[in-house]
Amino acid sequence: MTQHLQRELAKLKRKILSLCAMAEESLQMAVKALETRDSKLAKEVIERDYSIDQEEVEVEEECLKLLALHQPVAIDLRFIVAVLKINSDLERIGDLSAHIAERALVLQKSTYIPSPINLAEMADKVKVMLEASLDSLVNMDTDLARKVLTMDDHVDETYRRMYEAVIKKIQENSEEVVVYLNLLSVSRQLERIADHVTNICEDIIYMADGEIIRHQRPNAVVL
């Protein structure tokens with residue numbers, strides 16, 4: 001029974017890593033669609049969100065089956081519980097990437113106006129966070145997971161500056177309010193993705209060490 005459970009857990013890990021790769025690719029595609037105003041790529045991101053949703057359902061069903069059939073304990077139980085939570089966060093990252101792609105479609109039809117805050121830099125920071133969180137999951141590297149947590153405050157601060165800058169731009173040029181609001185929406189989706197990445201890192205730490213840190217605040221550093 002134990003060997004069978006370990007085989008099933010290995011299968012579950014492969015499935016969650018596959019979903020990780022899908023979510024990461026969707027974010028990268030959405031950001032590229034935004035930067036290049038590529039409507040075809042944006043539509044592809046929106047369409048592939050259904051595949052991420054389906055994969056998320058399959059992973060959840062697999063977790064529930066393992067809990068019901070094997071009644072795991074200790075680290076095996078923590079692994080399944082963490083995968084259930086990470087699974088949900090990855091699905092939301094897919095949704096938010098699709099939202100960015102939708103904003104890219106709107107902006108593609110509008111007059112090009114540069115963002116008051118460097119969205120490409122913000123997106124790069126979020127992509128680095130997501131990539132590092134997935135590396136942490138693959139290697140069970142809690143030190144890397146904790147490092148990712150310190151990056152979230154920087155993303156939050158960038159969003160705050162974006163909000164203030166957009167309000168100012170709208171006051172100066174109300175004719176372009178739609179463009180500025182869509183740019184603000186993109187920054188908001190990026191900020192929310194970063195929040196989901198921090199959730200993933202917190203769950204990796206719980207999975208590996210059994211430590212619940214979601215109500216703790218690490219000292220923020222700008223990396």
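The values are calculated or read from the model by the stated rules, or taken from the named source; none is laboratory data. Remember, it's a predicted structure, so these values are computed and weren't measured experimentally. Here the Cβ positions follow ideal geometry from the backbone for every residue, glycine too, while neighbour counts run over all protein chains shown.
Can you tell which of Val177, Val197 is over 28 Å from Ile16 (Cα atoms), touching a helix residue (DSSP H, G or I) at 6+ places or on another chain (Cβ under 8 Å) and among the β-branched types (Val, Ile, Thr)?
On inspection, the qualifying residue turns out to be Val177.
Picking from Ser88, Ser51, Ser18, which residue would you name as being among the polar types (S, T, N, Q), free of Cβ contacts under 8 Å to residues at least 60 places away in the same chain, under 15 Å from Ser133 (Cβ atoms) and part of a helix (DSSP H, G or I)?
Exactly one residue qualifies, and that residue is Ser88.
Taking the options Arg78, Arg14, Arg37, Arg48, name whichever one is of a type in the set (D, E, K, R) and loosely packed, with under 12 Cβ neighbours inside 10 Å.
That would be Arg14, the only listed residue that is of a type in the set (D, E, K, R) and loosely packed, with under 12 Cβ neighbours inside 10 Å.
Please list, ordered by first then second residue, the pairs with beta carbon atoms under 6 Å, 6 or more apart or interchain, first in the range 96-108 and under 16 Å from Lys127 (Cα atoms) and part of a helix (DSSP H, G or I), second modelled with pLDDT under 95 and basic (Lys, Arg).
none
With respect to the numbered conditions (1) modelled with pLDDT under 90; (2) crowded, with 19+ Cβ neighbours inside 10 Å, which one is the sole condition not fulfilled by Arg103?
In the conditions (1) modelled with pLDDT under 90; (2) crowded, with 19+ Cβ neighbours inside 10 Å, Arg103 misses (1) alone.
Can you tell me which residues in the range 97-135 are over 14 Å from the mean Cα position of the chain (by Cα) and hydroxyl-bearing (Ser, Thr, Tyr)?
Scanning the range 97-135 gives Ser110, Thr111, Tyr112, Ser115.
Determine the pairs where a residue that is acidic (Asp, Glu), located within the range 180-193, has a partner that is crowded, with 21+ Cβ neighbours inside 10 Å and modelled with pLDDT of 95 or more with Cβ atoms under 6 Å apart, the partner being 6 or more residues away or on another chain.
Glu191/Val155
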